[in-house]
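Enquirer: Pasting a structure below so you can have a look.
The values are calculated or read from the model by the stated rules, or taken from the named source; none is laboratory data. Keep in mind that what you see is a predicted model, and the values were worked out from it rather than measured. Neighbour counts run over all protein chains shown; Cβ positions are idealised from the backbone, glycine included. What goes into the accessible areas is simple: the full protein's heavy atoms, side chains included, and nothing from ligands, DNA or RNA. Shrake-Rupley method; radii C 1.70, N 1.55, O 1.52, S 1.80 Å.
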Amino acid sequence: LLGHSFEGGHRITDLDPVDRSGPVVQVSGPAQGARSVVVVSAGRVIAVVPAAQGRFWALVPTKSLQNRNFSVYALQR
């Protein structure tokens, strides 16, 4: 999925604060009922991570988020 466009899934809007000061950014938050989470920036998938114990953590390059909105989607079980 990396680099491909993505449509679908349930959008996650309750994210932990994102610190863009370093070269790598942690995107994380609750993902109840999800098996995987997809991070999308500029319409392309930049990370796919598993959800564990109702949460997810994804590390993405800061440059992939700079000056761009990003979205996070849960893929249900």
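Enquirer: If ASN67 satisfies all but one of (1) modelled with pLDDT of 95 or more; (2) more than 11 Å from the chain's Cα centre (by Cα); (3) surrounded by fewer than 13 Cβ atoms within 10 Å (Cβ to Cβ), what's the number of the condition it fails?
Expert: For ASN67, the exception is condition (1).
Enquirer: If I filter segment 19-38 for residues that are at pLDDT 90 or above, open to solvent by 30 Å² or more (accessible area, probe 1.4 Å), within 19 Å of PHE6 (Cβ to Cβ) and charged (D, E, K, R), do I get at least one hit?
Expert: Yes, segment 19-38 contains a residue that is at pLDDT 90 or above, open to solvent by 30 Å² or more (accessible area, probe 1.4 Å), within 19 Å of PHE6 (Cβ to Cβ) and charged (D, E, K, R).
Enquirer: Looking at SER21, SER28 in this structure, which one is of a type in the set (Ser, Thr, Tyr) and either touching a helix residue (DSSP H, G or I) at 6+ places or on another chain (Cβ under 6 Å) or assigned to a strand (DSSP E or B) (or both)?
Expert: SER28
Enquirer: Next question, about the same structure. For LEU59, which of the numbered conditions (1) hydrophobic (A, V, I, L, M, F, W, C); (2) surrounded by 14 or more Cβ atoms within 10 Å (Cβ to Cβ); (3) part of a strand (DSSP E or B) fails to hold?
Expert: Looking at each condition in turn, LEU59 falls short on (2).
Enquirer: Then there is this: How many residues are open to solvent by less than 90 Å² (accessible area, probe 1.4 Å), part of a loop (DSSP other than H, G, I, E, B) and of a type in the set (S, T, N, Q) when one looks only at segment 1-18?
Expert: 0
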